[in-house]
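Novice: Please see the structure below; I have some questions.
The numbers here are math on the coordinates, done by the rules we state, and not lab data. All of these numbers come straight from a predicted model, not from anything done at the bench. Here the Cβ positions follow ideal geometry from the backbone for every residue, glycine too, while neighbour counts run over all protein chains shown.
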């Protein structure tokens, strides 16, 4: 059975497998099986399952797998200059970490900001942690998502750029090893998730145009 993998994981998996073979060849079996376990973990972490996206205009789909850990009214400081709803999704190391476009449209804003590496579940992480903010727009509809580095996650990798058009469910990036994604929506969208709810990228409806 073929396991779909994100290309960002190939290097890490191959290095771990090489270490496994090397240590077993040298008869350092304990160390070898540690790297075998690490290889299996990396395959799990970098999996990129194919999903059937059901989308219509006005929907905001989840950009990440995980659990909703906070719903709050905030002023983002970028892209929106007014109070909007922020939905925070925490991804554990066991979740799929490939992030998907939450709507169709054009990426009209992108900003990478350096910062701290607080635990991503911390409410202050959105303001203080290293992050990449991405603004989407389609015929007047605008949303912002923010990819946040965390205590373990130290690398945010994007595969899109400003002015690029995307379809809902297109891959937009990946965050390495446990992290968080925030979605910001104004009052023109009604909230469709609850605190504590588990969500899946490209499948769970986060908001919908009222």
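Novice: For the stretch 1-122, state the average projected area of the convex hull of the C-alpha atoms over all orientations, rounded to one decimal in nm².
Specialist: If I average the Cα hull's projected area over directions, I get 11.0 nm².
Novice: What is the calculated FRET efficiency for residue 200 to residue 27, with r their C-beta to C-beta distance and R₀ = 41 Å, to the nearest 0.05?
Specialist: E(calc), rounded to 0.05, equals 0.40.
Novice: Mean shadow of the chain, computed from the convex hull of its alpha carbons, in nm²?
Specialist: Result: a mean projected hull area of 12.3 nm².
Novice: Related question: Taking the Cα atoms only, what angle lies between the long axis of helix 10-25 and the longest principal axis of the chain, rounded to 10 degrees?
Specialist: For 10-25 against the chain, the angle is about 20 degrees.
Novice: Next question. When the helix-only estimate is applied to the chain (DSSP H runs of n ≥ 4, each -39,500 (n - 2.57), divided by the residue count), what is the mean residue ellipticity at 222 nm, nearest 500 deg cm²/dmol?
Specialist: It lands at -5500 deg cm²/dmol.
Novice: Taking neighbour Cβ counts within 10 Å as the exposure measure, how do 163, 113 sort from fewest upward?
Specialist: Result, fewest neighbours first: 163, 113.
Novice: For a label point 7 Å from the Cα of residue 157 along Cα→C-beta, name the residues of the stretch 4-35 whose backbone N is under 19 Å from it.
Specialist: Of the residues in the stretch 4-35, 4-19 have backbone N under 19 Å from the label point off residue 157.
Novice: What nm value, rounded to one decimal, do you get for the distance between residue 209 and residue 82 when each label is placed 7 Å out toward the C-beta?
Specialist: 1.7 nm
Novice: Follow-up. Which FRET efficiency value, to the nearest 0.05, do you get for residue 114 and residue 10 by plugging their Cβ-Cβ distance into 1/(1 + (r/R0)^6) with R0 = 30 Å?
Specialist: With R0 = 30 Å, the Cβ-Cβ based efficiency is 0.65.
Novice: Follow-up. Against the longest principal axis of the chain, how steep is helix 29-45, in degrees 0 to 90 to the nearest 10, with axes from Cα atoms?
Specialist: Computed tilt is about 20 degrees.
Novice: Anyone know which of 196, 173, 135 comes out most mobile in the 10 Å Cα GNM of the chain?
Specialist: 196
Novice: Also, I was wondering about something else. So if R0 is 45 Å, what FRET efficiency would residue 165 and residue 17 give, r being the distance between their Cβ atoms, rounded to the nearest 0.05?
Specialist: The pair residue 165/residue 17 has a calculated efficiency of 0.75.
Novice: If you rank 182, 81 by fewest surrounding Cβ atoms within 10 Å, what's the result?
Specialist: 81, 182
Novice: Let me ask something else. Give the order of 181, 166, 84 when sorted by the count of other beta carbons within 10 angstrom, beginning with the fewest.
Specialist: 166, 84, 181
Novice: Could you check the spin-label model distance between residue 50 and residue 190? Points 7 Å from the Cα along Cα→Cβ, value in nm.
Specialist: Inter-label distance under the simple model: 3.5 nm.
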